Each structure stands twice: as C-alpha cells, then as structure tokens.
Amino acid sequence: MPSASPAAAYQRQISQEKRDAILDAALECFLDRGFSGTSLSRIARAADVSTATLYRHFPSKDELFAQIIERPFLDASPESLAELPAGQPRTVLPEIAQHYARLILTPHFHPLVRALIAEALRLPEMGHALEQRGHGPFLAAVKAFIEREHALGTLRVADPGLAAEQFLGMISSVVFWPRMLNDERRPSSAKVQRSCDEAAATFLARYAVD
C-alpha cells in the first residue's frame, strides 16, 4: 500500500491539532460554565476555530462532552490489561488497582463528573455516555482479565462482572468519592497505594485458588 503523501499527512496533523484544541477549549468552558451554560459557538471562539470546523469534528454538544469524558479513559488504555502476565493474579491485581486509581485521579475528572451530575436529571444520556465510553470499557477489561484467570484456574469466580465491580468499587470508595464531595480530600499517594494493595488482597482472599 503506498504511503500517504506529505500534504495528506500534514492535513491530518492540522486536523488533529484543531480537534485537540477544541477538546481543550471545551473542557475549560464546561468547567467554567457547566454543560447548559456553554454553547458550541463559545467553544469555537475559545478554540480559535470556525463553528463549521467544530461541527465537522463534533456534530453535537452531547458528543463533544462525551468525548471529553472519554479522554482520560483512553489515555489509561484499558486494552493494556490484556497484555499483563497470565496466571499471576497476586502480582497483576495490584497493578490493575493502581492503574484504575491513576485514571480516576486524572486532573479535571472530578469536576467533569460534577458537571455531569448537575445535568443528569435533564440529560440522562450524559450519564449513559460516562458509563458506556468511560468507566464501562475499563470495567469490561477487568471482567475479561478475571474470566481469563478463572479459565486458567488461578481464580474461582462465579460472576466475573460482579467481581469486577466489587474490585473497582473498593478503590473508588476511597480514592474517588470522598474527593467528589470535597476537593481538599484528595488522598495521599501512600493512602492510594495502601487502598490498592488492600483491595487486591481482599479480592484474592475471596476468589484466589490456593
């Protein structure tokens, strides 16, 4: 297959730069004014692009907000869980826990979720976007890891989906939810580490095969 021409590669680079500029500007606008108080025209001005360019990348404000929510989860690359060593849950589960903790401590994630909650009753599809395009793929990756280890005989788990939710819930209850109510309650790195280690130990005590 012939490689793309330099001109085509340049156009793709410019397009990606404009897309990133729109996402960055939208994030600041949503954090400043909330979802309902932010218009696409305001975002376009903040990103220094035309509204036509913005619509070419994002057909609606809902889609733009959903992709902002999705952004930190994409950076976390849940697909990489499939590449972790097989047959070693005692080593791998603490790594998964720390991976998830870093994800939910991503800068701006808490205020974005607050903005989403503020709109949840009026725009329930935004909550659906968070589940399907943010937390959902990571949860599915953890479930797949548990299923793999169950098949290998290192874990005995009757309901991998529930077990995955339990595991991540032990982490988010310490790392995520207290800070949702008070920004000053950001956990120390030592507390995050301890929470991840204890979540893994509790999970293994329940599901590991000796």
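Just name the residue that is surrounded by the fewest Cβ atoms within 10 Å (Cβ to Cβ) out of those in the range 139-161 that are farther than 19 Å from Glu83 by Cα and over 19 Å from the mean Cα position of the chain (by Cα).
Initially, the range 139-161 is screened for residues farther than 19 Å from Glu83 by Cα, giving 156-159, 161.
Okay, now just the ones that are also over 19 Å from the mean Cα position of the chain (by Cα), so 156-159.
Working: Arg156: 11, Val157: 19, Ala158: 8, Asp159: 11.
Top of the filtered list is Ala158.
Out of everything in the range 155-195 that is in contact with a Leu (Cβ under 9 Å, 6 or more places away or on another chain) and hydrophobic (A, V, I, L, M, F, W, C), what residue ends up being nearest to Lys143 (Cα to Cα)?
First, the residues of the range 155-195 that are in contact with a Leu (Cβ under 9 Å, 6 or more places away or on another chain): 155, 161, 163-165, 167-168, 175-176, 179, 186-187, 192.
Among the residues that remain, those that are also hydrophobic (A, V, I, L, M, F, W, C) are: 155, 163-164, 167-168, 175-176, 192.
Values: Leu155: 12, Ala163: 8, Ala164: 5, Phe167: 10, Leu168: 11, Val175: 20, Phe176: 20, Val192: 22 Å.
The qualifying residue nearest to Lys143 (Cα to Cα) is Ala164.
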Check: Of the residues that sit in the range 91-115 and are buried (at least 17 other Cβ atoms within 10 Å of the Cβ) and over 14 Å from the mean Cα position of the chain (by Cα), which one is modelled with the lowest pLDDT?
Finding: Ala115
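Quick one: is Ile14 over 24 Å from Ile117 (Cα atoms) and modelled with pLDDT under 85?
Working: over 24 Å from Ile117 (Cα atoms): yes; modelled with pLDDT under 85: yes.
Spelling it out, Ile14 is indeed over 24 Å from Ile117 (Cα atoms) and modelled with pLDDT under 85.
Tell me whether the range 163-185 contains one or more residues that are open to solvent by 50 Å² or more (accessible area, probe 1.4 Å), modelled with pLDDT of 95 or more and either in contact with a Lys or Arg (Cβ under 6 Å, 6 or more places away or on another chain) or not in a helix (DSSP H, G or I) (or both).
Within the range 163-185, the subset open to solvent by 50 Å² or more (accessible area, probe 1.4 Å) is 165-166, 170, 173, 177, 181-185.
Cutting the leftovers down to modelled with pLDDT of 95 or more gives us 165-166, 170.
If we keep only those that are either in contact with a Lys or Arg (Cβ under 6 Å, 6 or more places away or on another chain) or not in a helix (DSSP H, G or I) (or both) too, we end up with none.
There is no residue in the range 163-185 that is open to solvent by 50 Å² or more (accessible area, probe 1.4 Å), modelled with pLDDT of 95 or more and either in contact with a Lys or Arg (Cβ under 6 Å, 6 or more places away or on another chain) or not in a helix (DSSP H, G or I) (or both).
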Margin query: Looking at the range 88-110, I want the residues that are touching a residue at least 24 places away in the same chain (Cβ under 8 Å) and have a partner that is among the charged types (D, E, K, R) with Cβ atoms under 6 Å, at least 6 apart or on another chain. Which pairs are those?
Written below: Pro89/Glu149; Pro94/Asp197; His110/Arg179
Check: In the range 61-75, which residues are crowded, with 17+ Cβ neighbours inside 10 Å and at pLDDT 80 or above?
Finding: Lys61, Leu64, Phe65, Gln67, Ile68
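What residue, among those in the range 6-58 that are of a type in the set (Phe, Trp, Tyr) and in a helix (DSSP H, G or I), is surrounded by the fewest Cβ atoms within 10 Å (Cβ to Cβ)? Quick ask: steps written out before the conclusion?
So in the range 6-58, the residues of a type in the set (Phe, Trp, Tyr) come out as 10, 30, 35, 55, 58.
Now narrow it down to the ones that are in a helix (DSSP H, G or I): 10, 30, 55.
Values: Tyr10: 11, Phe30: 25, Tyr55: 13.
In this case the residue turns out to be Tyr10.
The values are calculated or read from the model by the stated rules, or taken from the named source; none is laboratory data. Quick caveat: nothing in here was measured; it's all calculated off a predicted structure. Cβ atoms come from the backbone with ideal geometry, glycine included; neighbour counts cover every protein chain shown. All accessible areas refer to the heavy atoms of the entire protein, side chains included, with ligands and DNA or RNA removed. Shrake-Rupley method; radii C 1.70, N 1.55, O 1.52, S 1.80 Å.
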